[in-house]
Amino acid sequence: MRTGLLDCIPESAQPKVEILLAKDNLVVKVKSERKTKHGDYRALPNGKHQITVNSNLNKYRFLITLIHEIAHFEAYKNYGRSIKPHGKEWKMTFQHLMLPFIRPEVFPMELLPLLAKHFKNPKASSDTDTQLALALKRFDEPNDKTYVFEVPLGHNFMLYNGRVFKKGDKRRKRIECIEVKTGRLYLFNPNAEVELIDEK
């Protein structure tokens, strides 16, 4: 299992990751794609701790997601269960664990300044850092998806679950979109992946 997991990350990161994973009661599983998250962490009733990461992530995003979830495990272990999931204890732990990987032998040069900026104050999801998320997506396998920011103003698009929205104006960081069926307003990340609906 460990071998398959290590194949999902950059080769030069594998020795350090092996050390991080050599923890008692830590179980890591590679899962098929989940649309709403890249990975997760939870304490199991039997005393073990489980991390899952989506199998469809490119090796750089997989590594970031894996370290993100290991940081949850480490933060809860060191600070207790009462801390906020993405509070200061998790942020400090994530920064500390990620720092040894932010180097040119692990990540492409074009990602390093974006990673350095992101990890000054890591967010609950790297997807909320639009610049970093778009840079990471350049390493994904080609697909037919469109990003919300690419959808023309006033055009309709569809989510993976079939819900249809009309693109509206951009706020400071998010884009206003109206759900066609209900008329309700939602705010989207500019780099959310959607399917453009042909306007006849």
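Every read-out reported here was derived from the displayed coordinates using simple, explicitly stated rules and does not represent laboratory data. No experiment lies behind these values; they were computed from the predicted model shown.
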Worksheet item: Near the amide H of residue 147, under 5 Å away, which other amide H atoms are found, from residues 5 or more places off or on another chain, if H is placed in the peptide plane?
Response: 194
Worksheet item: Do the alpha carbons of any pairs in 59/181; 117/173; 77/120; 48/120 sit beyond 28 Å of each other, and which pairs?
Response: 59/181; 48/120
Discussion item. If the reach is capped at under 14 angstrom between alpha carbons, list the aspartates and glutamates near residue 170, excluding any in the same chain fewer than eight residues apart.
Written reply: 150
Response to the item:
Computed ³J(HN,Hα) along segment 109-114: with the Karplus parameters 6.51/-1.76/1.60, θ = phi - 60°, integer Hz and x for glycine or proline, the list is 3, 5, 8, 4, x, 5
Fill in: Ratio of Rg to Rh over the chain (Cα coordinates, Kirkwood Rh, two decimals)
1.00
Discussion item. On a full-extension model of 0.36 nm per residue, what is the gain between residue 185 and residue 35, subtracting their alpha-carbon distance, rounded to one decimal in nm?
Written reply: 51.9 nm
